[in-house]
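Chemist: I'd like to ask some things about the structure below.
Just so it is clear, none of the values below were taken in a lab; they were calculated from the coordinates. None of these values were measured; they are calculated from a predicted model. Glycine gets a Cβ as well: all are built from the backbone with ideal geometry, and neighbour counts include every protein chain shown.
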Amino acid sequence: MDKMWAGRFEKALDKQADDFNSSIHFDSKMYKQDIRGSLEHALMLTTCGILNQTEYEKINEGLNSILDDLDSGALAFDMDAEDIHMFVEAELTKRIGDYGKKLHTARSRNDQVALDLRLYMRDEANKIINLLCELVCVVKDKAKENQDAIMPGYTHLQRAQPITFAHHLLAYCMMLLRDITRVQDALKRMNYSPLGSCALAGTTYPTNRDMVAKNLGFDGVCMNSIDGVSDRDYCIELEGAFSTIMMHLSRFSEEIILWSSWEFKFVELDDSYTTGSSIMPQKKNPDMAELVRGKTGRVYGDLMATLTMLKGIPLAYNKDMQEDKEAIFDATETVIKCLEVFIPMVKTMTPIKGNMYKAAGKGFINATDLADYLTKKGMPFRSAYKIVGTIVAECIRNDITLDQMSLEAYKKHSDLFENDLYEEISLESCVAKRISKGSTGYDSVKEQIAYVEEQLK
Ligand code: ARG
């Protein structure tokens, strides 16, 4: 096929080079945005007296018919086209003749692609925000249902202090709420229209960039045309935000994988979100969680690819920048796909409170509370800490837990011990006594649930 820019050349582009150069197999994804941008561009050209009414009507009709035909499948993408922009323009010219050739007045593919990608990513980022809200809601509801489920809280994956399952889940709500604001922040900064930057230097036509920006829902225009066509900061910001989302989902996945193992059995995943083994009949594997954990690396890779692609290129547009799209499309699709299975997987996950409670009973996770007991009776914390350490060692030797040790045995360590110590170190009171803001205490957890619900509004 003859290239639009063939005029300057004597020889056609080599076939392999042509395939290498072509981006239609991935940028065709942006056809709606490309046509929407062109429609607004044509309207602006007409309003500014650069196109006449007939030209506008032809272009408008032609672009809308292409949009309809692509939507319905009546028109297929020409995989020999160089990119989506060339394809739409060539198709337009096929349909309306020379009128189609007027559309590219006061525009370049450089600002066109910059516009399309911003429009596309704005839609996708909003999809991701909606999915994140849905996930926060599901996790919050699970927390709400499990405010009484006591489990061991861990540090170093060693049992540390009793917490509730609700408190643990709410930690993820806080992370995911921050993730939402990270995407929102990026959206705010990227919501400026590059269209009208043209190739790099602007144009000699009396265009109205603000008009196009306004009609496309932007907060304004990119103020420097060189920056307008060269800026891909928003891709990096979004990929950074997506990487953080994946990191959070991956940590959550790791816990779900641990919790659903026989070693923990704190949760049972629904059959519809687990798989079997081809050889071991007993197996029920948490594949979805593992895949989410595994796919996190790809999204980090996409971020790295974009950062590295941009670091050495001079202003303004360079073809390297065509590589922005596959990376950000992959990151976007990965996050969306992961969220789409993660949400129902968590929703259908059943906590096994009995096992959580049993695990909380072992591992001396009430030892801090025992030390606090002595401290509240006047002993300095460090001394209390030391005594309790000795008591724990004694219990381990005798294979008993703190609540199984007799008062007589306790008294040998300190006169301050009385019968009320048993109540003090019960798991329920360990949780109930935690009254600081943000703690695992029952009231604090209620406050956290209310906070999450407020944020979701
Ligand atoms: N397909 C190109 C891209 O994605 C469009 C811009 C091409 N501009 C150019 N001057 N070759 O970056």
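Chemist: What's the magnitude of the charge dipole for segment 370-451 around its Cα centre, counting Lys and Arg as +1 and Asp and Glu as -1 at the beta-carbon? Answer in Debye, nearest 20. It would help to have the intermediate numbers written out before the result.
Modeler: Details: 11 positive and 13 negative charges, 84 e Å.
It comes to approximately 400 debye.
Chemist: Taking R0 as 60 Å, what FRET efficiency do you get between D14 and E454 from their Cβ-Cβ distance, rounded to the nearest 0.05? It would help to have the intermediate numbers written out before the result.
Modeler: Numbers: r = 61 Å, r/R0 = 1.01.
The calculated FRET efficiency here is 0.50.
Chemist: Let me ask something else about it. Can you give me the distance in nm between label points at E290 and E326, each placed 7 Å from the Cα along the Cα-to-Cβ direction?
Modeler: For E290 paired with E326, the spin-label model returns 2.8 nm.
Chemist: Which is the longest stretch in the chain that no exposed loop site breaks, taking sites as GluC sites (Glu not before Pro) with a DSSP loop state and at most 16 other Cβ atoms within 10 Å?
Modeler: Looking at the chain, 11-262 is the longest stretch - no exposed GluC sites (Glu not before Pro) with at most 16 other Cβ atoms within 10 Å.
Chemist: Given the Cα-Cα distance of K437 and A409 and 0.36 nm per residue of separation, how much length would full extension add, in nm?
Modeler: 6.5 nm
Chemist: Could you give the nm distance between label points at N60 and R382, where each point is 7 Å from its Cα heading toward the beta carbon?
Modeler: Computed distance between label sites N60 and R382 equals 8.2 nm.
Chemist: Just to be sure I understand the rule: take each whole DSSP H helix in the chain, project its Cα atoms onto its long axis, keep it if the span is 27 Å or more and its mean Kyte-Doolittle hydropathy is at least 0.5. Which ones pass?
Modeler: Counting only whole DSSP H runs, no helix qualifies.
Chemist: Amide H neighbours of A160 under 5 Å, counting only residues 5+ apart in sequence or on other chains, H built in-plane at 1.01 Å?
Modeler: Result for A160 returns G153, Y154, T155.
Chemist: To continue, here is another question. How much length is gained on full extension from R189 to H156, taking 0.36 nm per residue of separation minus their Cα-Cα distance?
Modeler: Between R189 and H156, full extension yields an extra 8.0 nm.
Chemist: Something else about it: Taking the Cα centre of the chain as the origin, how large is its charge dipole in debye, to the nearest 20, when only Lys and Arg (+1) and Asp and Glu (-1) carry charge on their Cβ atoms? Walk me through the numbers before you get to the answer.
Modeler: Working: 55 positive and 70 negative charges, 248 e Å.
That gives a dipole near 1200 debye.
Chemist: Taking the alpha-carbon distance from K283 and a cut-off under 28 Å, which lysines remain once sequence neighbours fewer than 8 residues away in the same chain are dropped?
Modeler: Those lysines meeting the cut-off are K142, K265, K295, K337, K347, K353, K358, K362.
Chemist: Looking only at chymotrypsin sites (Phe, Trp or Tyr not before Pro) in DSSP loops with at most 14 other Cβ atoms within 10 Å, what is the longest site-free stretch of the chain? Before the final figure, lay out each step's value.
Modeler: Numbers: sites that count: W5, F9, W262.
Segment 10-261 is the longest.
Chemist: For the chain, what log10 I(q)/I(0) values come out of the Debye formula at q = 0.06, 0.11, 0.14 1/Å, with one point per alpha carbon and no solvent?
Modeler: These q points yield log10 I(q)/I(0) values of -0.42, -0.93, -1.24.
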